[in-house]
1. What's the ranking of 226-239, 204-217 by average number of surrounding C-beta atoms within 10 Å, highest first?
2. Can you compute the helix-only [θ] at 222 nm over the chain? Use -39500 (n - 2.57) per DSSP H run of at least 4 residues, normalise by all residues, nearest 500 deg cm²/dmol.
3. How much accessible area does Met109 have with a 1.4 Å probe, in Å² rounded to the nearest 10?
4. Multiplying the sequence separation of Arg128 and Asn96 by 0.36 nm and subtracting their Cα-Cα distance, what value in nm do you get?
5. Can you pull the percent of the chain's accessible area that's carbon plus sulfur, 1.4 Å probe, other chains left in place?
6. Applying 1/(1 + (r/R0)^6) with R0 = 22 Å to the Cβ-Cβ distance of Ile86 and Thr57, what FRET efficiency is obtained, to the nearest 0.05?
7. Of the listed peptides 139-149, 26-36, what is their order by residue-averaged count of other C-beta atoms within 10 Å, with the highest listed first?
8. Would you mind calculating the gained length between Asp199 and Ser139 on full extension (0.36 nm times residue separation, minus the Cα-Cα distance), in nm to one decimal?
Amino acid sequence: MYGKSPADLPRRIVCLAAEHVEICYALGAGERVVGVPGTAHRPPEAREKPKVGGFTTFRSDRILDLTPDLVLAFSDLQAGISAELIRAGVPVLCSNQRSVDEIFRTVLMVGGILGLESQARDVVLDMRDEITQVREFSSVWPDRPRVYFEEWHDPLIAGIRWVSEIVDIAGGRDVFPELRDRPAARDRVVSPEEVAGRDPQIILASWCGKPVDVEAIRGRAGWGSVSAVREGRIHEIDGEDILSPGPSVLMGLRQIHEIVQGFMKA
């Protein structure tokens, strides 16, 4: 019967998102991954796997040539290729995590389908422990700096929910907390005037893989009086460290916590 031995579990996994690649390796199932997106960089050995496309641009024939018995996809942005593969008879698991808690659940879900429940619980426990330590460290600070996270620059898009939560855990205070419940990027568009009006003391930017132009941010009309601009507190965060909703968000958490600490000590 299915599931009675490791051989019955998925053995040829194609991942369409970098976070699923990272989760599989964190669970000890890296050898089962037979295809990855071009956006996957962690762990380094994952780069040696066959590439099946980008984040939203995939060819189903390239994926089918790898004869996967499971495809792991992420979000509504991959709904099209997911549907195409399902019609071709391939099992597809599409996660849609938008919060830190949902990242934990995704790790547990992937661990469950791979028969690695214990390993998944260990990964989640380690993540929770680090988050708890950072949260407790910053909880004693008398005040929290106002933080604006910019996910895109044209138009300006504020950070998605897990990013907003990470900012809070790290000791900052997201200046657009009301937007964290809006999963679609188009619903998190803000105007330069709105950002300036909230006067962030720290600006964090991660433009989905595109290098951040700090000078362009500094030179935006009306931003000369913004505290973060005036005091030179504009920081780029690598998208791999914060915009991939998997274990890598801890790297973003560490960087943001260090930035907030620096502000508190100034």
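The values are calculated or read from the model by the stated rules, or taken from the named source; none is laboratory data. Quick caveat, the model's predicted, so the values are computed rather than measured. Neighbour counts run over all protein chains shown; Cβ positions are idealised from the backbone, glycine included. When the accessible area is computed, the model is the full protein with side chains, heavy atoms only, and any ligands, DNA or RNA have been set aside. Shrake-Rupley method; radii C 1.70, N 1.55, O 1.52, S 1.80 Å.
1. Order by mean packing, descending: 226-239, 204-217.
2. Numbers: 11 runs with 105 residues, N = 266.
My calculation for the chain gives -11500 deg cm²/dmol from helical runs alone.
3. Approximately 80 Å² for this residue.
4. Working: separation 32, 0.36 × 32 = 11.52 nm, distance 1.98 nm.
The span from Arg128 to Asn96 would gain 9.5 nm if fully extended.
5. Numbers: 6300 of 12250 Å².
Here it works out to 51 percent.
6. Numbers: r = 18 Å, r/R0 = 0.84.
After rounding, the FRET efficiency stands at 0.75.
7. Numbers: 139-149: 16.5, 26-36: 19.4.
Going by the mean number of other Cβ atoms within 10 Å, highest first, we get 26-36, 139-149.
8. Details: separation 60, 0.36 × 60 = 21.60 nm, distance 2.24 nm.
Separation in residues times 0.36 nm, less the Cα-Cα distance, equals 19.4 nm.
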